[in-house]
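Below: one structure, written as structure tokens.
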Amino acid sequence: MSAQGPYSETWGVERFGEPCRECAFSFTLTTEQAIASVMAIPDSYEGLVGSADGSLTHPDLDWNVGAYVCHVADNLHVWAQWLAGAALYAEAGVPGYEERLLGDARFYTRVPVRGALWQLRQATRSWHEAVTVALPHEVVLAHASRGPQSVHDVVRSNAHDAFHHGWDISRILEYAAKTGTAGAAGTTGTADAAGTAGAAGTAGAAGTAGAAG
């Protein structure tokens, strides 16, 4: 579903299509399937990136490999924080965030990719803990720009974010292999390498500002 009303940001099917017109993620996944997809992301990303240089880029994308890994980790951390606050302390109002500004502040493009992958694994564990707490409470966040977001909406949206950016990374690696870019030694997988097929990230492979927040 998509929020209706005076909200400034569309999301889900309304924004990306069903399935996602770019990465083929399907928003029809059950909550359980979406959770499983997110939990598979650390291993999937490690296999996808392999020994590739985290600074590899694609001409159609704004971020490099390492930056996309950083973004997915931070996105899971942010949503985990919001879900836990709502479930444990009834703090349901959340502001959203500007992912490009966060990326700039954290110097995403300069973070070593192996460290980013480590952080992604930690973020996934925290996210799962927050989702586990939020589900029995049937948490509904009051998102400033998206409107009401149930824990089920959040889980599918987060799964899409992680899958979609795995697809972005695969595009970068495929481009590097095709052009003979130095350091393209990692696995050049497909979108499926980023998690359960149909479970991905924000549309706008360039990391559209606010798409994940």
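Per-residue answers, yes or no, for (1) modelled with pLDDT of 95 or more; (2) closer than 29 Å to residue 51 by Cβ; (3) not small (Gly, Ala, Ser):
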| site | (1), (2), (3) |
| --- | --- |
| 104 | yes, yes, yes |
| 108 | yes, yes, yes |
| 119 | yes, yes, yes |
| 134 | yes, no, no |
| 154 | yes, no, yes |
| 158 | yes, yes, yes |
| 172 | yes, yes, yes |
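Candidates in region 88-98 are the residues that are of a type outside the set (A, V, I, L, M, F, W, C) and assigned to a loop (DSSP other than H, G, I, E, B); of these, the one that is surrounded by the most Cβ atoms within 10 Å (Cβ to Cβ) is 97. Pairing each residue of region 24-43 that is in contact (Cβ under 8 Å) with a residue 12 or more places away in the chain with any residue that is basic (Lys, Arg), provided the two are 6+ apart or on different chains, yields C-beta distances under 7 Å for 27/156; 29/156; 34/156; 42/121. Taking region 17-55 as the range and being within 30 Å of residue 136 (Cα to Cα), of a type in the set (Gly, Ala, Ser) and in contact with a Lys or Arg (Cβ under 8 Å, 6 or more places away or on another chain) as the test, only 34 passes.
Pull up region 99-122, narrow it to residues that are among the aromatic types (Phe, Trp, Tyr) and surrounded by 13 or more Cβ atoms within 10 Å (Cβ to Cβ), then point me to the one that is farthest from residue 62 (Cα to Cα). Among residues in region 99-122 that are among the aromatic types (Phe, Trp, Tyr) and surrounded by 13 or more Cβ atoms within 10 Å (Cβ to Cβ), the one farthest from residue 62 (Cα to Cα) is 118. Filtering region 4-30 to residues that are at pLDDT 95 or above and aliphatic (A, V, I, L, M) leaves 24, 29. Taken as a whole, the structure places residue 135 among residues that are of a type outside the set (Gly, Ala, Ser), farther than 22 Å from residue 56 by Cβ and part of a helix (DSSP H, G or I).
The values are calculated or read from the model by the stated rules, or taken from the named source; none is laboratory data. The model shown is predicted, which means the values in this text are computed figures rather than measured ones. Note that we place each Cβ from the backbone using ideal geometry, even for glycine, and neighbour counts take in every protein chain shown.
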